Structures are given as structure tokens and as C-alpha cells.
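Visitor: Quick one: the structure is below, questions incoming.
The values are calculated or read from the model by the stated rules, or taken from the named source; none is laboratory data. Being a predicted model, the structure only gives us computed values, none of them experimental. Glycine gets a Cβ as well: all are built from the backbone with ideal geometry, and neighbour counts include every protein chain shown. For accessibility, only protein heavy atoms count, side chains too; no ligands or nucleic acids. Shrake-Rupley method; radii C 1.70, N 1.55, O 1.52, S 1.80 Å.
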Amino acid sequence: MACAEAWRGDGAILASPMGQIPSLGARLARLTFAPDLLLTDGEAYLLDAEQTVEGWLPYRSVFTMVAAGRRHVMMGASQLDQFGNQNISCIGDWARPRAQLLGVRGAPGNTINHPVSYWVPKHSPRVFVPAVDMVSGVGYDRAAELGPAAARFHQLRVVVTNLAVLDFQTPDHAMRLRSVHPGVTVTDVLEATGFPLVIPDDMAVTRWPTAAELALVRDRLDPDGRRDREVQAAS
């Protein structure tokens, strides 16, 4: 449900979720509280929430929406630091990494041009690190160094994990614990994070899906239970 909530209030923009659970979140948002959300297959077509083709959007046109800020992407992250710098490129020294990952891909352009959220299926100190080994997605500290003109569209919305929802709504844009999922404690999240988090005085609990929302996910959007496999694979 937290992934779906990331798109609340976005209106008619292009949702670009990366992964099974972010995709389910975007589709659930479209079916419930965000009917104007645009969904795509990532190649050439606009789709409705149940994957039926409803329009034509060639890949080249996506870049027009990126440049105009009419897109909200939810990406993964191999590493994230306190100010939202993201790494999906390599682990270790970039000149001689211990592990080669995806590469920076579209992360720099995404983070500097339009809203970005992150999905992390396993919240751990290996992901939430004091400093990322290489910057792929631009965090708030580096965006500030670019100056107001270059960073005027930079916005990191939320980080959703298997434990909590986090954001950057603090004076210096340091990561804040927005809510813990039902059954998770603040201590659980702090122990799984490799840097200090800003903790609000009144800690919220992530909203549980309604019976109707659960039925949509289980019966229409993901009857095969692929969402469970994504989290289990990360465990």
C-alpha cells in the first residue's frame, strides 16, 4: 500500500515503477485514488491498471516527459545514504569494484528532472550506508551543490522498504522515518540503518490496505502472488 501512496496527488503524469511491487502499487493507485495516472509498458504503449493497451507512447516520447518533469519513477537502490544519494552501479572502488551492478542507467537524469521514489525490499545496513560507493541517483546534498537553477526540479519523494516509509522532509533534507509498518518498531528500523535517522516525536504507523484494496491486489492485479516472491528473494 505504501508504494501506491507514493503516487497520491500526482495527477496526470507518467508513473514509471521498477519492479513487481512498485508496479502493483502504481496499478492499485490508478484503480483507486489516482485515476489520471499514466501507466506504460516501458517500450511503446500506455496501459490501464489491468495491462490492457489504451494508448501509444513510443520510448522516444518518454524523454520529452522526463525533461518536462511529467514523470514520477520508483527505482530500486543497492545503496542509499542519508541525503538520498543512490547507487546502482558498483560496489567498492569504481576503478576496481568488488561487484559490477546495472550502471548508472537513467538515474542522474531521473533525479534531476522529476520526482523520484525508491523501493528497497530488504531494509539493511548494506543498503542504507553512510556513503554510497558511487553516486547514480543525485541526493539532496549534491543537488544543492549544483545551485538552484540546475536543481529546481529535484525532488526525492519517499523511500519504501519492507520495514518502513522514509522521506526527506527535514530542514537539511536528511532522511526521516515517516512511518513504521504494522508490527515493526522504531528500534527495528534504526538497527537496520547504517546512519542516524530523523525520528518524529509522534511516530505514525503505515496505513494498512482496506479489504477492498487487498481484494484488488489478490484477485485482479496479482492473483499468482508474485509480490511475495520479490520480497522473499531479497530475504
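Visitor: Using the structure shown, decide if Leu31 is in contact (Cβ under 8 Å) with a residue 40 or more places away in the chain and over 19 Å from the mean Cα position of the chain (by Cα).
Guide: Numbers: in contact (Cβ under 8 Å) with a residue 40 or more places away in the chain: yes; over 19 Å from the mean Cα position of the chain (by Cα): yes.
For Leu31, the condition - in contact (Cβ under 8 Å) with a residue 40 or more places away in the chain and over 19 Å from the mean Cα position of the chain (by Cα) - is met.
Visitor: Turning to a different aspect of this structure: Just for segment 8-49: of the residues that are among the acidic types (Asp, Glu) and at pLDDT below 90, which one is surrounded by the fewest Cβ atoms within 10 Å (Cβ to Cβ)?
Guide: So in segment 8-49, the residues among the acidic types (Asp, Glu) come out as 10, 36, 41, 43, 48.
The next check asks that each one be at pLDDT below 90; those that pass are 41, 43.
Details: Asp41: 12, Glu43: 9.
Looking at the filtered set, the residue picked out is Glu43.
Visitor: So which residues in segment 50-68 are β-branched (Val, Ile, Thr) and either assigned to a strand (DSSP E or B) or open to solvent by 60 Å² or more (accessible area, probe 1.4 Å) (or both), if there are any at all?
Guide: Filtering segment 50-68 for residues β-branched (Val, Ile, Thr) gives 52-53, 62, 64, 66.
Once the filter is applied, which keeps residues that are β-branched (Val, Ile, Thr) and either assigned to a strand (DSSP E or B) or open to solvent by 60 Å² or more (accessible area, probe 1.4 Å) (or both), segment 50-68 yields Thr52, Val53, Thr64.
Visitor: If a residue has to be touching a residue at least 12 places away in the same chain (Cβ under 8 Å) and not in a loop (DSSP other than H, G, I, E, B) to count, how many in segment 169-189 make the cut?
Guide: 8
Visitor: Still on this structure: Tally the residues that are touching a strand residue (DSSP E or B) at 6+ places or on another chain (Cβ under 9 Å) and part of a loop (DSSP other than H, G, I, E, B), restricting the search to segment 190-235.
Guide: The number of residues fulfilling the criteria is 10.
Visitor: Output the residues belonging to segment 147-168 that are without any contact (Cβ under 8 Å) to a residue 24 or more places away in the chain and either open to solvent by 50 Å² or more (accessible area, probe 1.4 Å) or in a strand (DSSP E or B) (or both).
Guide: Pro148, Ala149, Arg152, Asp167
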